[in-house]
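To keep things clear, I will list the structure first and then write my remarks on it.
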Amino acid sequence: MNYDVVICTFNGEHHIAEQLDSILNQAIPPAHIIVSDDGSADATCALVTQRAEVCATPVTLLQGPKQGINQNLLFALGHTQSPYVLIADQDDVWLDNKSTLFSQQMQHDTTPHLIFSDAWIWQPPATPVQTLWQLDQLDPGNIHKPQRLAFHNCVQGASAALNRALIDKLLYHPNMVMYDWWIALLAATQGRVSIINTPTLHYRQHRAAQLGSQSLRHNGQSYWQSRRSKIQASRAIIQQAAAFGDTYKTQLTTHDRAFFTGLSHALKGGYWQKIKFLVTQRPYRKNPIRTATLWLAILSTGPVT
């Protein structure tokens, strides 16, 4: 089955050529590659153009909306046409079997469908020894538990593929923390999910990366810096979950609607309404410490705008 690839770029001149080559050399090459550049000031666009001039696969270079990674990704998806779309980061490298493993999961289906895999954590020149799921203690099974997924994402965008029905349901919200989390919630509550239990790419970690492993991101922070950043992250996460419920409430099951809209109402309400939500829904995030931070963030968060 045909698939497109979208890559969102920003000052990615050091690695974009290697990533493009790893995609173009797949056993099952993409029908089309869409690169949406969000205002690079380096040679990223020139390098993409050079590859486009010599490769057999059509490569389209777009000028992104320059409003951040989430809007750039949705913008790029709007220019795809194939039944499935694989998302790629500008600085990763696909393993040779990625397109084969993902293609085996693709189906002719009008139901929203998400496919995702693990990834090797890569800090070149070292050989990868640990996967993203291992390092960040991600449970891919959370994809089948929307109330867990709401507070602990398990889907990495660069390891994901979406079918056309899932793309058509995507709606932007300013409280979206990360597009991959939003897409995961959408697939978990309204679609179907396939999990590939093996890494399909090298997930490069470096200082210039726009994204990266959560565990590595907190390295070098003091205890109190780490605590503050995690409380801030928890507040953003609960606002995203509430926004998701508000955006899709008419399309959710009764059970999921009670949870997501209950969170939204609690955040807009007073202290005792928040306590009621915590006691009845008992939200959980990763481990007891993260859960306590989440509960504190819910109790201290004001109305969602």
Antiparallel DSSP beta bridges within the chain, percent to nearest 5: 25 percent
Phi to ³J(HN,Hα) by Karplus 6.51 cos²θ - 1.76 cosθ + 1.60 over region 109-115, Hz, x for Gly, Pro: 8, 8, 7, x, 9, 10, 10
Long-range amide H partners of residue 113 with built H, under 5 Å: 163, 165, 166, 192
Shape category assigned to region 1-114 from the gyration tensor of Cα positions, a/c cut at 1.5: oblate
Inter-site label distance for residue 273 and residue 25 at 7 Å from Cα along Cβ, in nm: 5.7 nm
Virtual spin-label span in nm between residue 104 and residue 169, 7 Å along Cα→Cβ: 2.6 nm
Cα gyration tensor category, rounded, prolate or oblate, for region 110-161 with a/c compared to 1.5: oblate
Exposure of residue 300 as accessible area (Å², to 10), given a probe of 1.4 Å and all protein chains: 60 Å²
Over 31 Å between alpha carbons, listed pairs 230/268; 230/276; 98/230; 169/268: 98/230
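The values are calculated or read from the model by the stated rules, or taken from the named source; none is laboratory data. Keep in mind that this is a model prediction, so the values were computed, not measured. Every residue, glycine as well, gets a Cβ built from its backbone with ideal geometry; the counts of neighbours run over all protein chains shown. Ligands, DNA and RNA are excluded from the accessible area calculation, which covers all protein heavy atoms including side chains. Shrake-Rupley method; radii C 1.70, N 1.55, O 1.52, S 1.80 Å.
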